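This report concerns only the one structure given below.
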Amino acid sequence: MYYKDVYQNINEPWTWPNSAVVPGGLLMSECAVAAQHTVTDGFVLDSLQAHFLGGPSPKKPMQFKVTRLSNGKRFAVRGVAIEQDGKVMLTATIQFVSSSPWNGPAMTYSVARQTNHMVPRITLDDLEVGRHRLGPFMKVQRLPLTYKSKEPSPSPVSGVTASVAQITPPITEPAGGSIHILGIINISDYHVMDAPMQLSGITFGMWAVNDYSRKPTPQMHKIGTTLNHTIHFHTQHGFRADELTYTEDETSWAKDGRAMISTKIFSQGGKLIATCVQEAFYVLKEGAQSTKSGTKL
């Protein structure tokens with residue numbers, strides 16, 4: 001296939017400590033940047049759906065090949081494929097929407113946060129360990145779990161995990177806009193995959209919520225990876241990714257090594273910025289025991 005628009009990363013991307021692949025949040029953000037170059041002014045990112053096919057190395061260049069799928073008055077759609085060493089590592093479909101105001105009648109409503117944990121600042125940054133000159137340029141702190149059920153050992157589907165995140169250092173661009181959208185894309189892919197494990201009582205190596213001693217917990221899984229991730233923006237204005245941003249994660253289903261996670265992302269003032277759906281793949285260790293029930297999984 002002939003690609004009209006091909007881009008390549010200039011800088012080496014950050015990756016997790018002891019990891020050999022580029023994190024998904026960065027890959028999706030870079031796809032968004034490549035696609036943005038191919039739309040006209042006045043169009044802003046509305047949604048992004050990514051399928052992770054492989055883990056690209058941060059030590060080698062990546063090619064971002066953009067396909068112009070459609071151009072309309074209200075929407076424009078692009079396809080992006082990330083290639084490395086001749087192999088496709090990720091495919092994404094990205095939709096942009098015109099920033100011109102909607103003038104017709106429309107339904108208007110928005111969900112509120114289900115959790116009420118608030119912090120004045122991030123004091124227990126889960127990403128601090130391993131930070132270096134390449135990043136991460138973001139802070140994340142997990143918040144206590146919330147359960148809708150009052151049962152002694154409620155099902156994972158009745159629980160909500162929450163976290164607060166913040167892009168750092170401060171962004172000079174005004175509220176909303178492309179840089180803040182990229183920041184939210186990055187935030188949307190961190191600690192999402194942990195939700196089914198936390199709600200199932202499966203520890204994954206990180207210290208417990210609010211454990212300032214940072215004592216590691218047993219790692220009960222051998223593999224944990226994202227299969228696909230979708231983010232829908234509900235506003236492109238009035239929020240800042242460098243302010244405290246709250247995420248809430250729920251899981252509706254898990255079986256055969258996979259789990260589904262739904263995420264809502266709110267501004268510090270409670271405005272719904274975006275919603276996400278992610279499918280993750282897990283390989284648990286033999287003999288792993290849930291901390292909720294004490295029984296083998």
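The values are calculated or read from the model by the stated rules, or taken from the named source; none is laboratory data. Computed from a prediction, not measured in an experiment: that's the story for all the values here. Virtual Cβ from ideal backbone geometry, glycine too; neighbours counted across all protein chains shown.
Which of (1) buried (at least 20 other Cβ atoms within 10 Å of the Cβ); (2) assigned to a strand (DSSP E or B) does Leu127 not meet, given it meets every other one?
Against the list (1) buried (at least 20 other Cβ atoms within 10 Å of the Cβ); (2) assigned to a strand (DSSP E or B), Leu127 comes up short only on (2).
Restricting attention to segment 158-177, and to residues there that are surrounded by 20 or more Cβ atoms within 10 Å (Cβ to Cβ) and in contact with a helix residue (DSSP H, G or I) (Cβ under 7 Å, 6 or more places away or on another chain), which single residue is farthest from Phe266 (Cα to Cα)?
For segment 158-177, the residue satisfying everything is Gly159.
Any residue in segment 177-190 that's touching a residue at least 40 places away in the same chain (Cβ under 8 Å): show its pairings with residues that are basic (Lys, Arg) and surrounded by fewer than 24 Cβ atoms within 10 Å (Cβ to Cβ) at Cβ separation under 9 Å, as long as the two are six or more apart or on different chains.
From residues that are touching a residue at least 40 places away in the same chain (Cβ under 8 Å), the pairs are His180/Arg240; Gly183/Arg240.
Out of all the residues in segment 172-190, which are assigned to a loop (DSSP other than H, G, I, E, B), within 18 Å of Val44 (Cβ to Cβ) and at pLDDT below 95? Steps first, answer last, please.
Our first condition is that a residue be assigned to a loop (DSSP other than H, G, I, E, B); within segment 172-190, this holds for 172-176, 188-190.
Now narrow it down to the ones that are within 18 Å of Val44 (Cβ to Cβ): 173-176, 188.
Glu173, Pro174, Ala175, Gly176 - these are the residues of segment 172-190 that are assigned to a loop (DSSP other than H, G, I, E, B), within 18 Å of Val44 (Cβ to Cβ) and at pLDDT below 95.
Exactly one of these conditions fails for Ile82: (1) on the phi > 0 side of the Ramachandran plot; (2) crowded, with 20+ Cβ neighbours inside 10 Å. Give me its number.
So the condition that Ile82 fails would be (1).
Please give the number of the condition Asp256 fails out of (1) buried (at least 17 other Cβ atoms within 10 Å of the Cβ); (2) at positive phi.
Result: Asp256 passes all but (1).
For residues in segment 211-237 being among the hydrophobic types (A, V, I, L, M, F, W, C) and part of a strand (DSSP E or B), which is surrounded by the most Cβ atoms within 10 Å (Cβ to Cβ)?
Taking segment 211-237 first, the residues among the hydrophobic types (A, V, I, L, M, F, W, C) are 220, 223, 227, 231, 233.
Those left that are additionally part of a strand (DSSP E or B): 223, 227, 231, 233.
Details: Ile223: 10, Leu227: 14, Ile231: 26, Phe233: 22.
Taking the candidates together, the pick is Ile231.
Hey, among Pro144, Pro120, Pro152, which residue is surrounded by fewer than 16 Cβ atoms within 10 Å (Cβ to Cβ) and in a strand (DSSP E or B)? If you could, list the steps in order and put the result at the bottom.
Details: Pro120 fails: in a strand (DSSP E or B); Pro152 fails: in a strand (DSSP E or B).
So the residue among Pro144, Pro120, Pro152 that is surrounded by fewer than 16 Cβ atoms within 10 Å (Cβ to Cβ) and in a strand (DSSP E or B) is Pro144.
Scan segment 238-252 for residues that are in a strand (DSSP E or B), touching a helix residue (DSSP H, G or I) at 6+ places or on another chain (Cβ under 8 Å) and farther than 17 Å from Phe137 by Cβ and jot them down. Spell out how you get there, then give the answer.
Kept after step one, since they are in a strand (DSSP E or B), are these residues of segment 238-252: 245-252.
Retained after the next criterion (residues that are touching a helix residue (DSSP H, G or I) at 6+ places or on another chain (Cβ under 8 Å)): 245, 247, 249-252.
Matches in segment 238-252: Thr247, Asp249, Glu250, Thr251, Ser252.
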